[in-house]
Amino acid sequence: MTDQMAPDPTLTRIVEAVRLGHTGRAAEAREQLTALWEEIGPSGDALHRCTLAHHLADLQDTPDAELRWDERALAAVSEVTDERARRHLPSLEVRALLPSLYLNLADCHRRLGNPGPAREHLGRAREHLARLPDDPYGEMIRAAVRDFNADDPTDHRRR
């Protein structure tokens, strides 16, 4: 048996659209991901919904729109099992996704001028830091949580 997992066509499409957005074609990437969201539907694969919503939030033009997508990502992650996540990436623990998801919610609330909810979500991100892997991604999220200022609405770092 091999350690390689079979590619997931939906996750591949999500990654392709995200890469498109990174090339400066955010509107086109947003259209592709929105169309894919409609295909997946509200009862579709929760890992697909979480991943798509998490990335689609980054392509929004306003913090309000980002917040709606970040909330969808968090809602979907509650339906993802470790077993399902490991079919995509064998070492993935669902709880390791939570610090980034909560941090993004905190960031949106901060930019919307809501320091109370920003601090609340930051606290939830901190609660889950122990689940992060000891790798560059984990360190990036830990540093972002450490450096986060819920009271500064001008800080626009996304995770």
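Scan (1) open to solvent by less than 50 Å² (accessible area, probe 1.4 Å); (2) in contact (Cβ under 8 Å) with a residue 24 or more places away in the chain; (3) part of a helix (DSSP H, G or I) for the single condition ALA143 breaks and write down its number.
So ALA143 meets the others, but not (2).
Among the residues of segment 37-46, is any out of contact with any His (no Cβ under 7 Å at 6 or more places or on another chain) and under 28 Å from GLU139 (Cβ atoms)?
For segment 37-46, residues out of contact with any His (no Cβ under 7 Å at 6 or more places or on another chain) and under 28 Å from GLU139 (Cβ atoms): present.
Could you tell me whether VAL94 is at pLDDT 95 or above, under 23 Å from SER43 (Cα atoms) and β-branched (Val, Ile, Thr)?
Against the criterion (at pLDDT 95 or above, under 23 Å from SER43 (Cα atoms) and β-branched (Val, Ile, Thr)), VAL94 does not qualify.
Can you tell me which residue within segment 120-138, out of those that are of a type in the set (Asp, Glu) and modelled with pLDDT under 95, is least open to solvent (accessible area, probe 1.4 Å)?
Per the stated criteria, the residue is ASP135.
Taking only pairs six or more apart or across chains, which ones have beta-carbon atoms under 6 Å, a first residue in segment 90-115 that is under 15 Å from ALA65 (Cβ atoms), and a second residue that is at pLDDT 95 or above and part of a loop (DSSP other than H, G, I, E, B)?
none
The values are calculated or read from the model by the stated rules, or taken from the named source; none is laboratory data. Model, not experiment: these values are computed from the prediction. Cβ sites come from the backbone with ideal geometry, for glycine too, and all protein chains shown count toward neighbours. The protein model used for the area step is the full one, side chains on, heavy atoms only, and it has no ligands, DNA or RNA in it. Shrake-Rupley method; radii C 1.70, N 1.55, O 1.52, S 1.80 Å.
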